[in-house]
Amino acid sequence: MAEKAARKYDSPLRQGQAERTRGVILDALSELLRTHHWDDVTTKLLAGQAGVAQQTIYRHFPDREALIAALRARTQNPHPYSGPPASLEEWASRLEVGFRDADQHFLAEVTANTLFNADTRRFAHRPEARSTLFSAAVEGSFPELGEDDLRRAAALMRILGSTQTWLRMREEFGLDGSASGQLVKWAINVLVREIKAGNLPPRERPAESTQDAE
């Protein structure tokens, strides 16, 4: 007698239960990220916060990267990007508001997005697109600069205004978004003034090696 095919347990009811469990786990992770560093969020701690077994977490999220990716995907755009700024001064003002809002309203989502994109080799399309638009804004602000100096200026200001900066100032130095946003706005405005005044330091070229003539 032929063996009966294995019964599948992928009914809509079970799928719904799985999604609810995933939601409970992600809710718990969001709450923990408000008071804990990402590296301090253990599976045991997360399971206790969510009220599930540790194995349940592994069943839905096999590793930490899967957890952070799921949290990031939950809110793809918590703080809508409103296009390229009219000036770098306007961009600095946006950053001050954005850093503050990241702490007050979107802490878990922005943290997830920052951690997920920490490896620059796997940058998502959206950050790359923002960098391209930002470089164009820098070029418009400093038309007198050559290509190499424009690239250096854009890189410096882009890093200052990144969520990586927001997260490191928050977790390493205990500065909330209001404090870090104010500092970053000030730093960018100082840089803009200095660069417009012609004070961008020249790039030092590595000295060419020489050999004594034989």
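What follows draws every value from the coordinates through simple rules; no lab data is involved. Just so you know, these numbers come straight off a predicted model, no measurement behind them. Cβ: placed from backbone, ideal geometry, glycine included. Neighbour counts: every protein chain shown.
General remarks:
- Net length gained if the chain between Glu144 and Arg205 were fully extended (0.36 nm per residue, minus Cα distance): 19.9 nm
- A Förster distance of 41 Å, applied to the separation of the beta-carbon atoms of Leu183 and Ala69, puts the FRET efficiency at 0.85.
- Potential lengthening between Gln17 and Ala53 on full extension [0.36 nm per residue; Cα-Cα distance subtracted]: 11.4 nm
- Sorted peptide list for 159-167, 52-60, 16-24, criterion being average Cβ within 10 angstrom, highest first: 159-167, 52-60, 16-24
- Each label was represented as a point 7 Å from its Cα along the Cα-to-Cβ direction; for Phe173 and Val190 these points are 1.0 nm apart.
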